[in-house]
Amino acid sequence: MSKGEPDQELKKAFMELQGKMQETNQKLRIADVQVESLKKQIVHAQLTDKEIQSLGESTRVYEGVGRMFLLTDIPMVRTNLKAKVAKCNEKISTLQSNKEYLERSMSESQNNLREMIKLKQAMSAA
């Protein structure tokens, strides 16, 4: 085994780790943006529900469906808003667990590379 071979192997491992870390960091940033967007949707739905709650039962309310608005009764609008909040919370928890998985995966890759470096140093010292 020549002296250059382990260096090439380490260099390749570093390149792979760097690529994986960049990809993982990008995915983490995307997940953060999605979580913030979902939190804004939750706040919007809660504020809308709070405003609708103060309206009288005879008030005409419209709910946006695609590019149109449908006349809807207040209890139905409030039910839909609560369902939207629940769905957003569910998506947030899914994104959080995905982020945790990505972070674990990245740290495992870093640990594997550290072990490889220690092994190569031990081999070259022997």
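The values are calculated or read from the model by the stated rules, or taken from the named source; none is laboratory data. In this text the structure is predicted, and so the values were computed from the model without any measurement. Heads up, the Cβs are rebuilt from the backbone with ideal geometry, glycines too, and the neighbour counts pull from every protein chain shown. Calculation scope for accessible area: heavy atoms of the full protein, side chains included, ligands and nucleic acids excluded. Shrake-Rupley method; radii C 1.70, N 1.55, O 1.52, S 1.80 Å.
Laid out as a table, the results:
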| item | result |
| --- | --- |
| Candidate lysines - alpha carbon under 24 Å from residue 27, same-chain residues fewer than 8 apart omitted | 12, 39, 40, 87, 91, 99 |
| C-alpha long axis of helix 4-53 to longest principal axis of the chain, angle in ° | 10 degrees |
| Normalised contact order of the chain, rounded percent, pairs of Cα under 8 Å and 6 or more residues apart | 36 percent |
| Local electrostatic count at residue 63 - Lys and Arg +1, Asp and Glu -1, tallied over other residues with Cβ under 15 Å | +2 |
| C-alpha center-to-center spacing [region 88-126, region 19-69] in angstrom | 32 Å |
| Solvent-free Debye scattering, log10 I(q)/I(0), computed from the Cα coordinates of region 85-124 at q = 0.24 Å⁻¹ | -0.75 |
| Per residue value of the accessible surface for the chain (all protein chains in place, 1.4 Å probe), Å² | 77 Å² |
| Alpha carbon convex hull of region 59-109, volume per residue in cubic angstrom | 68 Å³ |
| Separation in nanometres of the label points that stand 7 Å from Cα toward Cβ, at residue 114 and residue 11 | 2.5 nm |
| Assigned charges on the beta-carbon of Lys, Arg, Asp, Glu; the chain dipole about Cα centre (debye) | 100 debye |
| Surface/4 estimate of mean projected area, convex hull on alpha-carbon atoms of the chain, nm² | 10.6 nm² |
| Surface share of carbon and sulfur [accessible, 1.4 angstrom probe, percent] for region 27-126 | 55 percent |
